[in-house]
Amino acid sequence: MSVPQFAPFPDVKVRKDVLPAEWTAYLDTWTSLAELYLRLKDTQFRDFVTEDSSSLTAFLISFFHELASDDGIAAQALLLRKKCFFLLHRIFSGEDVPSSLLSLSFLSDACRVFAKSAQFRVLFEGLWKQKTAAIEKSLQPAKDSLIKNLDSKRPEEAEITLNKIVPLLRLSPDAATYMLTGSDFLDSLCNAYPKVSSSFQAKLATMAYLGLVSLLEGEKPNFSLLSDHLYSLKANGEQQMKNGQQSLIADIVTNSPLLYKIRDKATIPETTRVRNFAASLSSFQQSSVARPKRLVRRKVDRGKGKATDNEYGHGAFGEIHVHRMSMISQIQDLFPDLGSAFVAKLLHEYNDNIEEVTAHLLDDSLPSHLANADRSEQLPDPSATKPHLTPRPTPPAIERRNIFDNDEFDRLAVDTSRLHIGRKNADSTADTILSDRKAAPSKSAILSALAAFDSDDDERDDTYDVEDVGGTVDLAAPGPEEADADLKDKNEEALFRAYNSTPDLFARDAETRRGKTRTALKSETGMTDEAIEGWGLMIGRDPKRLRRLEAKFSAFSGQQTQLTSTSWRSIPAGADAEGTETDEEGHGHRGGRGGGRGRGRGRGRGGGGGRGGGNVAGPSDEKGTQVSRQRKEANKGSRANHNRRDQRARKMARGGLPG
């Protein structure tokens, strides 16, 4: 029988030009053809596989290469990927395996596609046992190339080969063990580690970790080779740390669970050397080389999920749904001699239509496969309900610990003479304790302490310490900006005063420049002739600036500004303006703390009386005395002085005394 040939799987450039409908047809064709090859007999199938130039081999190589390099194909070719796995399983399970399917490139692509497949892992283990020599022959050139490139001046050139071989090492511990057989490859990894970038360092550490862990796998772990490699890594790491370089062993120990795996696997007595090496490698852990771990969002069990068959009684009758069992009961009410399994077959035949099933039973027009079936067949009994809780081991009892663990009392090593029940001295009283002077300080100690104390030493006043002030105290010298501003103000003041006194000093002729006045001005300001003349020229052109300088340097004459009084004062009718001004200047009119102390009641900020004003009892010929008397009499009507005078006259009249 002639079987159609496989067409190779196209690459990305060709797939871009294919229409979606055509591409779907191509995938269906490859799937149908793969299923056809799977149905062939072993002899026919072997004829299509033995030759390396067969269309099936070329298709598998091209398909797995494109599938490993482009993740977008996997969603479209799920069924074809499954059929190709069956084809590969049939080829690897046979005796004659094409050499092209044992090459490193194809095995790497297949391991990348089925990286998480446990079935492919088992299949590859069987292939390794069967074709060990052929696979090692394909791995040897890659191993030699890696050693050569890693030992060269440009170890980055080994990255392409490393990316190709790592998927194979992840899936096959046998391949990883082969790569780590001998010390040359591991030494090359250690030597190249300090020379490459951080991303490539992570790949080298992964490569070494996979090789070391592979020695722990299998029925007979190779602990002797593992201990030799650990010793080599430790010696290399110590040497690189002395030279100030990064070490491969520090990266492996810090960023991988190698030590934990060795501790869990090395449990037999013969592995003592390996355990000791692993314990000594823990000193290489460094937080500086730790890479951030990938955050994995763990699913929280919220008690939700898909409904099980046994939920809500739907699985009470095994595989039969409760609604199907209800329909079976309705038919059995009409035909009690029929078994439940036979009725279930009838319902399945007529799409759960009870009326149609009843009509065919009454007419006896059932199909031949149902007419000849056992009509008393019953459904199997429902299985017992299984517990939905996963059994868990009983947690260990919590041990109580405190700071007194393992002390002499805990170890029962304390002297019995030190043990007592209750109070140590039960017979002692307060009087006996106070009278016992063994623990009291001696008189000499008290006297020496008093002698060391200096009573004349005054306490230092720290009121104005910087630390105790409730704010920030600026003790620093003025900055460069403030110093420049002060110098500029001084220069402008000197120039302005010279400009006001002698404007000709800013002339631009040679005689003025050689003059003593110009020389003194230059020494005072530190400016050159050109700068001084330019300043005078700019001042002459800018009247506003000249006015600002006048307001700044000419307004203040060294005297304090006199503040004139703003309070209201009563001016007597006979006093002239000059006398009033003289009085104001000579005697003052503020109440309170003023001149002579009279007994008047006036205390305000106004005129005379009370604690202010002039001297009323002064010489009568002085003008100030007259003015003060007039002010006193002017306010008597409002200050109730006349009321006192009238009341005194009334009191004297009642007493019969002359008034």
In whole Hz, the Karplus estimates of ³J(HN,Hα) for the range 37-47 (6.51, -1.76, 1.60; θ = phi - 60°; x where Gly or Pro) are 5, 5, 7, 5, 6, 4, 5, 5, 5, 5, 5
So how much slack lies between Ala279 and Ala235, counting 0.36 nm per residue of separation and subtracting their Cα-Cα distance, in nm?
-> 14.4 nm
For the pair Trp23 and Ala371, the simple spin-label estimate (label points 7 Å beyond Cα toward Cβ) gives in nm 5.5 nm
Segment Gln378-Lys153, extension gain: residue separation times 0.36 nm, minus the distance between their alpha carbons | 73.0 nm
Relative to the present Cα-Cα distance, how much length would full extension add between Arg644 and Thr358 at 0.36 nm per residue of separation?
-> 89.1 nm
Ala551-Lys443 pseudo-label distance in nm [points 7 Å out on the Cα-to-Cβ vector] | 8.6 nm
Nonlocal amide H pairs with Ala507, under 5 Å, H built at 1.01 Å | none
In nm², what is the average projected area of the convex hull enclosing the Cα atoms of the range 323-372?
-> 3.1 nm²
If you plug each phi of the range 525-541 into the Karplus form 6.51 cos²θ - 1.76 cosθ + 1.60 with θ = phi - 60°, what whole-Hz ³J(HN,Hα) values come out, in order, with x for Gly and Pro?
-> 8, x, 9, 7, 4, 5, 5, 5, 5, x, 4, x, 5, 5, 5, x, 8
Rg from C-alpha atoms of the range 12-102, normalised by the globular rule of thumb 2.2 N^0.38 Å, equals 1.12
Between Lys220 and Glu125, what is the spin-label point distance in nm, taking each point 7 Å from the Cα along the Cα→C-beta axis?
-> 1.7 nm
Can you list the residues of the range 226-244 with backbone N under 19 Å from a point 7 Å past the Cα of Thr272, pointing along Cα to Cβ?
-> 226-228, 231
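Since every read-out is calculated from the coordinates, none of them should be taken as a lab result. Please read these numbers as outputs of a predicted model, since none were measured by experiment. When we count neighbours, we look across all protein chains shown, and the Cβ atoms used for this are built from the backbone with ideal geometry, even at glycine.
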